[in-house]
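> Below are the structure tokens for one structure; questions will follow.
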Amino acid sequence: MLSRLLFLAVLIPAVLGGPIPAPKAADVIPGQYIVVMKEGTSTSGFQAHQDFVANKLASVSKRDGVESKAAAPVFTHTYNLDKLKGYAGRFDDATIEEIASRPEVSSL
């Protein structure tokens, strides 16, 4: 339920063109992020980005020896709408910094 509310908090201003409010401390879930792609990202570009992140997540899990699926970095939701593409997931600090630095990423 909370993830849907956070998604709507991001989606509505993005679609309407208004500012995105800063999340309240109570709304932040440590280690979980919503990644929004730049407007105009093609379907193939979005897929290439997801493939990059999936490969990164696999290498992080292997590196960290993660055996529990609950602890593993993972995509939790994918948003592939006409003008809004993005995803949510659990990521470690190094991975989210790398994702944020990608040119196709608009915001976290």
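Any read-out appearing in this document is the output of simple, stated calculations on the displayed coordinates, not a laboratory observation. Quick caveat, the model's predicted, so the values are computed rather than measured. Every residue, glycine as well, gets a Cβ built from its backbone with ideal geometry; the counts of neighbours run over all protein chains shown.
> Tally Lys/Arg at +1 and Asp/Glu at -1 over every other residue whose Cβ is under 10 Å from the Cβ of Glu39; what's the total?
Values: positive: Lys38, Lys83, Lys85; negative: none.
Once all neighbours under 10 Å are counted, the net charge is +3.
> Quick one: if the Förster radius is 25 Å, what FRET efficiency do Lys83 and Asp27 give, using the C-beta to C-beta distance and rounding to 0.05?
On the way: r = 24 Å, r/R0 = 0.96.
The computed FRET efficiency comes out at 0.55.
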